[in-house]
Structure formats: structure tokens, C-alpha cells
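Written out below as C-alpha cells is the structure these notes cover.
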Amino acid sequence: MAWKIRQRGEDLYHHIYAWGNDRHPVFKDPKHYRKYLSLLVAHARIHDISVIAYALMEWHVHLFIHDRRNRISEFMMDLHGEYAQYFNRVSNRVGHVFGKRFNNKIVQCNLYGKWLTRYIHRQALDAGLVRVLEDYMWSSYRAYLGLEKNTFVKKDVILDQFGKREEKSVSYKNFVESENDGPVDWSRSYFCLRSISDLVRLACFELNIEPECVMKPHGRQEQKMRSQVVQRLVAKYNVKATDIAKALVFSRSAVVRILKRNIE
């Protein structure tokens, strides 16, 4: 079966994930994690790659990167090639360490990127490796919270979406450790944003509003509920007014009026 053409280009953000060959561990000792991180720093610098977030798990890795010069393939080949040589040498083994081909998906850094970092940083918690997420040493989460110095992780592109400077880390921690899985469908092999109708139901759930009241409001109280959902869809999930109008089956101008009232 032929491989799909790699998604790549200049000035793009990527979510990269790679598993151990035949699902075998790629890290067996703390020194392995430390070596991978040192190589990640070195090769990111060589290939002009910015690392936004990462999580190193026993059997796989997640990287969220910004590729300025269309170097993703060379970057990953050098990074995993050198790590594989090291891992085989210190483990007295031969053969592939990672699967033959890493996976990548081009992402937007705002809405998707924010939720992607949450997904990456929750890996250890969701796998049951730690009870307190900041106790996991092999992700960029501690750097996001200011618990360790880490100058190579370019976290501000995400943290700048979380308010004033003194509030960012606290707001981000609350965001990551909440139970809200957000607008991304993580169950798919290639993650994608949920449909507008899914986001409407999600916003209704968050606001404790019945979706029927939003789709077919009767009276001022239910119209007020619909306005709350509209405001949530724009403020939290960046949904466009035109898409909201289509999903809720009323005019775009009515959506704009609701949003203007909120600003005023």
C-alpha cells in the first residue's frame, strides 16, 4: 500500500506523533528521556524548528512544532535517526526503534493549537502514570506552569491566549486540568475539529441549557439562552457568525446583533 504524501510546507505548525516499532518501548530509563530531549533541542536549532509543546511517553512521543523552512522530514529523520543509534547502542540491541514513518498533521496555532497542547500535556495523567499532572517530568507542562526553566519551548504562542502575564500560568493550568475535552474529536486517528452542531451541543452542556431551547426558542428567556450559547461559541471556540447562523437556523445579522449587545 502506497504511503500518503507528507503534509508539509513553509511556516506551518505540525502535530507529530510517533510510536515505537511494533509498539515496543522507546524509553526504558530516565537517561533515555534526557538524551531525546537534548537531541530535540539540538536538531530543532539546526533545522530552525520551534518546539511549542511535547510529551515523551514510554511507547510514543508527541511533538507540537512550528516549521519555518519546510524541514519537517529532515528534522525528524535526523532526530529519530540519531536517537535510534543511541538507544540501540546503550540497550545492546539492533533494528528500528520507531516505526518507519512518523505521523503529522498541519494545525492552526490558535483554537486547535490551544486544545492540542492540553491533549499532549494530559498524556501522562490520562495514561494513569501520575495523579498530579505537574509531577510528570517528561513533558513541557512544567515549563508552561513556570516550574522549571526551559528556554527552548516556545510556550508564549499558546500562553498569550490566556490573559494577562501574571494570570497566564494559572489560567492555563485550570484549562488543562478541567474535565472539558473541548472542540477537538480526539477519537479519530487524524484529529479534527468537531462539527458546528457538536460545538453547539457542547456549549449548551457547559451552560446547562437544553439544545432544543437554542434551536427553537420560545419567549424571551429561551432567546436569552440562545444569546448565551452564541456568545460562548464565539468567545471560547472562535466559531464564525455565518456558521452559527447556519447551525441555529437564523440570520447572520441576528447573530451579529447578539454579539454587539455583549460588547456594549
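The values are calculated or read from the model by the stated rules, or taken from the named source; none is laboratory data. Note that the structure is a prediction, hence the values are computed from the model and not measured. As a convention, Cβ positions derive from the backbone with ideal geometry for all residues, glycine included, and neighbour counts pool all protein chains shown.
Data for the structure
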{"quantity": "All positions within the stretch 110-133 that are more than 14 Å from residue 56 (Cα to Cα) and assigned to a helix (DSSP H, G or I)", "calculated": "111, 112, 113, 114, 115, 116, 118"}
{"quantity": "Filtered residues of the stretch 228-245 (kept if surrounded by 13 or more Cβ atoms within 10 Å (Cβ to Cβ), part of a helix (DSSP H, G or I) and not polar (S, T, N, Q))", "calculated": "229, 230, 232, 233, 234, 236, 237, 241, 243, 244, 245"}
{"quantity": "Hits in the stretch 19-37 - residues which are surrounded by 13 or more Cβ atoms within 10 Å (Cβ to Cβ) and either of a type in the set (Asp, Glu) or free of Cβ contacts under 8 Å to residues at least 12 places away in the same chain (or both)", "calculated": "34"}
{"quantity": "Test: residue 142 is modelled with pLDDT of 95 or more, part of a helix (DSSP H, G or I) and within 20 Å of the chain's Cα centre (by Cα)", "calculated": "yes"}
{"quantity": "Identity of the residue in the stretch 194-207, under 16 Å from residue 178 (Cβ atoms) and surrounded by fewer than 17 Cβ atoms within 10 Å (Cβ to Cβ), that ends up modelled with the highest pLDDT", "calculated": "207"}
{"quantity": "Some residue of the stretch 135-148 being of a type in the set (D, E, K, R), in contact (Cβ under 8 Å) with a residue 24 or more places away in the chain and surrounded by 15 or more Cβ atoms within 10 Å (Cβ to Cβ)", "calculated": "no"}
{"quantity": "Members of the stretch 72-102 that are of a type outside the set (A, V, I, L, M, F, W, C), closer than 15 Å to residue 23 by Cα and surrounded by 16 or more Cβ atoms within 10 Å (Cβ to Cβ)", "calculated": "99"}
{"quantity": "Residue match in the stretch 97-112 (condition: over 30 Å from residue 177 (Cα atoms) and modelled with pLDDT of 90 or more)", "calculated": "no"}
{"quantity": "Single unsatisfied condition, residue 179 versus (1) at pLDDT 80 or above; (2) surrounded by fewer than 13 Cβ atoms within 10 Å (Cβ to Cβ); (3) farther than 30 Å from residue 40 by Cβ", "calculated": "(1)"}
